[in-house]
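Take a look at the structure below.
Please treat every number below as a calculation from the coordinates, not as lab data. Keep in mind that what you see is a predicted model, and the values were worked out from it rather than measured. Virtual Cβ from ideal backbone geometry, glycine too; neighbours counted across all protein chains shown.
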Amino acid sequence: MRYLISLMAAFAIAACTPADDAPDTGDATMDGSETEDAATGSGDSAPGPGDQAEYANANQAAVNDAARPEQDRARDATRHPAEILNFAGVEPGWAVADIGSGGGYYTRILSRAVGANGTVYAHNYQWVADRFPNADTALTAIAGEYDNVDYYVATAADVMSGVDTPLDAAFIVLGYHDLIWQQPDIQTLTREERIASNRQIYDALRPGGVLIVIDHHAEDGSMDRDVDAFHRIDEAMVREEIEAAGFRLDGESGLLSNVEDTRDIGVFDPSIRGRTDRFVLRYRKPN
């Protein structure tokens, strides 16, 4: 088991709670629309059609892994994890960071997808490990079961502290809004601190590496108004802060869209839980 702990001072920030990672089932009413360029791999050129098919098969096989918990597999139909990995361009042998891993839904899939020659750095924020021991225990167990998984705990001030090799990709799934979420006894990050954290991710990626960001849509123009009450964030705000760190928008997907979501209720409301309208963005670190 490879298990790294970075204990930072009280400068703790948030990621989606393990409860959100566990029962959330993804989005309904998918139109599957995407705008994207060809995803580049670790080499200098984009993979050919044969390679893309091979990687897509590997990603689907990772999702089909019978060893995954049944509660995870039950959420696949609306989360579309294989399609998300294809959108990211994930390949065997990649080094990938799962930032704000929660209970490890994507960690397990990514581990199988990148294979024995790849590495998954599974990260949880310090407050998650402190307040949700089940999530910490789950990620520790995953790191013990999967030889290519490193698990570490760190705050946004040192979010890449557990990564010791250039990354091909990083994933932030349903966690960016929690960088703004105001919680008792936890200092909320300023815009400048969030951008600095994003810059750490940027610096950890190889040239051409990708960042995938998925989060719950808030109403357009609302910025961070609904973060505390609804756990939603305005896509425009996320884009501005990530691009301020140097990332270039490379593609976006409608895989997790739900036109029936009015975006004006909380993501844990039973009428929409697991089926929120979500944006899916692919950023790239320029070569």
Given (1) without any contact (Cβ under 8 Å) to a residue 40 or more places away in the chain; (2) aliphatic (A, V, I, L, M); (3) in contact with a His (Cβ under 9 Å, 6 or more places away or on another chain), M160 misses just (1)
Among residues of the range 80-97 being buried (at least 24 other Cβ atoms within 10 Å of the Cβ) and out of contact with any Phe, Trp or Tyr (no Cβ under 8 Å at 6 or more places or on another chain), the residue nearest to I109 (Cα to Cα) is L85
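If I go through the range 145-177 residue by residue, how many of them are of a type in the set (D, E) and surrounded by 24 or more Cβ atoms within 10 Å (Cβ to Cβ)? It would help to see each step written out before you state the result.
Keep residues of the range 145-177 that are of a type in the set (D, E), which gives 145, 147, 150, 158, 164, 168.
When the remaining residues are screened for being surrounded by 24 or more Cβ atoms within 10 Å (Cβ to Cβ), the result is 168.
Of the residues in that region, 1 qualify.
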Expected output for the range 84-112 (first residue under 22 Å from V128 (Cβ atoms), partner part of a strand (DSSP E or B) and of a type in the set (K, R), Cβ below 6 Å, 6+ apart or cross-chain) is none
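Would it be correct to say that N287 is of a type in the set (S, T, N, Q) and either touching a strand residue (DSSP E or B) at 6+ places or on another chain (Cβ under 7 Å) or in a strand (DSSP E or B) (or both)? Explain how you work it out, then say what you get.
On the way: of a type in the set (S, T, N, Q): yes; either touching a strand residue (DSSP E or B) at 6+ places or on another chain (Cβ under 7 Å) or in a strand (DSSP E or B) (or both): yes.
So N287 passes the test.
Based on what the data block shows, is D226 closer than 23 Å to S101 by Cβ, charged (D, E, K, R) and buried (at least 21 other Cβ atoms within 10 Å of the Cβ)? Steps first, answer last, please.
Details: closer than 23 Å to S101 by Cβ: no; charged (D, E, K, R): yes; buried (at least 21 other Cβ atoms within 10 Å of the Cβ): yes.
The answer is no for D226.
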- Item | Some residue of the range 234-247 being over 27 Å from G208 (Cβ atoms) and out of contact with any Pro (no Cβ under 7 Å at 6 or more places or on another chain) | yes
